[in-house]
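Since the structure comes first, as structure tokens, the remarks are kept for the end.
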């Protein structure tokens with residue numbers, strides 16, 4: 001591993017390392033490959049989720065669904081649905097983050113700094129598409145916030161009984 005960031009989950013650090021020293025053109029080609037694989041992040045038939053959040057936000061060209069499943073150790077699995085008009089870069093980030101955040105806790109996801117993004121997409125694309133590159137991470141963190149809030153409410157309700 002190269003410059004290890006202790007605030008990044010191991011799987012996300014592996015993706016950052018993969019991109020870190022590639023020239024801009026190769027980064028773009030790899031982003032397209034990740035974008036093409038974004039369908040692999042879709043919910044599988046019969047999967048049940050702890051949380052589902054499907055909506056179209058102003059900063060995105062189409063609807064995005066974030067699906068979150070927590071196991072008994074509170075390790076997360078993210079799935080995503082992306083409308084047909086979602087941009088390539090957003091699709092790539094969805095694929096990267098579903099892979100890179102798998103097995104993390106909600107607290108770990110919330111603590112992920114956005115500073116890794118330029119290492120993956122390159123500074124030029126960050127400059128051109130600043131809202132797009134951070135959108136999926138913001139949605140995933142929002143789902144984690146909602147999950148933690150629901151757990152706090154459930155704990156309060158059970159302790160009040």
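The values are calculated or read from the model by the stated rules, or taken from the named source; none is laboratory data. Owing to the predicted nature of the structure, the values given are computational and were not obtained by experimental measurement. Glycine also receives a Cβ, built like all others from the backbone with ideal geometry; neighbour counts cover every protein chain displayed.
Odds and ends about this structure:
- There is no residue in the stretch 67-83 that is surrounded by fewer than 13 Cβ atoms within 10 Å (Cβ to Cβ) and more than 23 Å from residue 107 (Cβ to Cβ).
- None of 12, 8 is touching a helix residue (DSSP H, G or I) at 6+ places or on another chain (Cβ under 8 Å) and modelled with pLDDT under 95 except 8.
- Remark: residue 66 matches the filter, which requires a residue to be closer than 16 Å to residue 102 by Cβ, in contact with a strand residue (DSSP E or B) (Cβ under 7 Å, 6 or more places away or on another chain) and outside any loop (DSSP other than H, G, I, E, B).
- Residue in the stretch 41-54 that is in a helix (DSSP H, G or I), at pLDDT 95 or above, touching a helix residue (DSSP H, G or I) at 6+ places or on another chain (Cβ under 6 Å) and buried (at least 18 other Cβ atoms within 10 Å of the Cβ) present: yes
- Hits in the stretch 43-66 - residues which are in contact (Cβ under 8 Å) with a residue 24 or more places away in the chain and under 23 Å from residue 108 (Cβ atoms): 43, 47, 49, 50, 51, 53, 64, 66
- Residue in the stretch 22-35 that is under 19 Å from residue 120 (Cβ atoms), part of a helix (DSSP H, G or I) and modelled with pLDDT under 90 present: yes
- Screening residue 60 against (1) touching a helix residue (DSSP H, G or I) at 6+ places or on another chain (Cβ under 8 Å); (2) in a helix (DSSP H, G or I); (3) buried (at least 16 other Cβ atoms within 10 Å of the Cβ) leaves a single unmet condition, (2).
- Going through (1) under 18 Å from the mean Cα position of the chain (by Cα); (2) free of Cβ contacts under 8 Å to residues at least 24 places away in the same chain; (3) within 18 Å of residue 115 (Cβ to Cβ) one by one, residue 21 falls short only on (1).
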